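Q: If you scroll down you'll find the structure; I have some questions about it.
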Amino acid sequence: NFRTIHLNASQLRNEGAGIIQELAFGISMGNEYMSQLTTRGVSADLAASKIRFSFGIGSEYFPEISKLRAARLLWSVVTNGFQPSKSESYKMDIHSVTCQWNKTVDDPYVNLLRTQTEAMSAILGGADSLTVEPFDTVFRKPDEFSERIARNQQLILKEEAYFDKVADPAAGSYYIENLTNLIAETSWKLFIET
């Protein structure tokens, strides 16, 4: 179950890409790896099962939730094109990282609020794993305190908010479903152009 290919679309987000660009280019990277691996004789099932995506999570709460949901939808379309024989091959493994570009130096403790809502977006969007960056990582080397707080933010969502108890908390939300479809359609158009 070890995923050996890590596609880092979160770097695009930190470089200034928007949600649509990050998603389209991330899916494009995955498509290219699938194409290259299957051309070299690797089965589509094996190739898809070794790819892991990393997406940055910014402060746009509902769009970020929808982005991860749209990513799964688009990845299933891409993998379906390679005709894998197992349905598990369609499953996208997503790692989310809180963004750095929106953090402030002037009031660093506000960054705690930002990283917490970003972590909530990632979990509600269906991320398989999550990295919460320390609140002071953009302007100094994080110390023991800031690293401990970053770890505890995830534990609060699990142990006190019970985010790990619901399989898909965003399912059935009209707004999120429509936003997911809009992001998927727009990202797919950009994906096709690239």
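The values are calculated or read from the model by the stated rules, or taken from the named source; none is laboratory data. Please read these numbers as outputs of a predicted model, since none were measured by experiment. Ideal geometry is used to build each Cβ from the backbone, glycine not excepted, and the neighbour counts take in all protein chains shown. These area figures cover heavy atoms from the full protein model, side chains too; ligands, DNA and RNA do not enter into them. Shrake-Rupley method; radii C 1.70, N 1.55, O 1.52, S 1.80 Å.
Q: Which whole-number percent gives the relative contact order of segment 109-194, counting Cα pairs below 8 Å spaced six or more residues apart?
A: Averaging sequence separation for qualifying contacts and normalising by length gives 24 percent for segment 109-194.
Q: Continuing with this model, one more query. Got the relative contact order for the chain handy, in percent, Cα pairs under 8 Å and 6 or more residues apart?
A: Over the chain, the number comes to 25 percent.
Q: Also, I was wondering about something else. Suppose every Lys and Arg Cβ carries +1 and every Asp and Glu Cβ carries -1, with no other charges. What dipole size does the chain come out with about its Cα centre, to the nearest 20 debye?
A: 520
Q: How much area per residue is accessible in segment 96-136 when the probe is 1.4 Å and only protein heavy atoms are counted (Å²)?
A: Value returned for segment 96-136: 40 Å² of accessible area per residue.
Q: If I model a spin label as a point 7 Å beyond the Cα along the Cα-Cβ vector, how far apart are those points for residue 168 and residue 143 in nm?
A: 4.5
Q: Something else about it: Enter the Cα centre distance for the pair segment 130-194 and segment 61-120, rounded to the nearest angstrom.
A: Rounded to whole Å, the Cα centres lie 6 Å apart.
Q: In whole percent, how big is the carbon plus sulfur part of the accessible area of the chain, probe 1.4 Å, protein atoms only?
A: It is 54 percent, rounded to a whole number.
Q: Which is farthest toward the positive dipole end of the chain among 134, 27, 38, measuring Cα position about the Cα centre, with Cβ charges +1 (Lys, Arg) and -1 (Asp, Glu)?
A: Farthest along the dipole direction, towards plus: 38.
Q: Next question, about the same structure. What nm distance separates the two modelled labels at residue 152 and residue 128, each placed 7 Å from Cα along Cα→Cβ?
A: Going by the 7 Å Cα→Cβ label model, 3.1 nm.
Q: May I ask you to order 161-171, 176-186 by the average number of other C-beta atoms within 10 Å around their residues, highest value first?
A: Put in order of decreasing packing, that is 176-186, 161-171.
Q: Also, I was wondering about something else. Can you compute the FRET efficiency between residue 107 and residue 86 using 1/(1 + (r/R0)^6), with r the Cβ-Cβ distance and R0 = 41 Å? Round to the nearest 0.05.
A: 0.25
Q: Points 7 angstrom from Cα along the Cβ direction at residue 62 and residue 40: gap in nanometres?
A: Here the answer is 4.4 nm between the modelled labels.
Q: Next up: Residue by residue, what Karplus-based ³J(HN,Hα) values in Hz, rounded to whole numbers, does segment 93-101 have, using 6.51, -1.76 and 1.60 with θ = phi - 60° and x for Gly and Pro?
A: Each residue's phi maps through the Karplus curve to give 9, 10, 10, 10, 10, 5, 6, 9, 5 Hz.
Q: Find the relative contact order for segment 1-72 and round it to a whole percent, using C-alpha pairs within less than 8 Å whose residues are 6+ positions apart. Intermediate values should be presented prior to the final figure.
A: Values: 68 pairs, mean separation 34.0, N = 72.
Once normalised by length, the contact order is 47 percent.
Q: Percent of Cα-Cα pairs more than 18 Å apart in segment 122-194, please. Display every interim value, and only then the final one.
A: On the way: 1551 of 2628 pairs.
That fraction is 59 percent.
Q: If you don't mind, there's one more thing I want to ask. So which of 67/141; 50/165; 86/189; 103/165; 67/103; 67/91 end up more than 23 Å apart, counting from Cα to Cα? Each step should come with its number before you reach the end.
A: Details: 67/141 30 Å; 50/165 27 Å; 86/189 27 Å; 103/165 30 Å; 67/103 21 Å; 67/91 16 Å.
In this structure, 67/141; 50/165; 86/189; 103/165 lie more than 23 Å apart at Cα.
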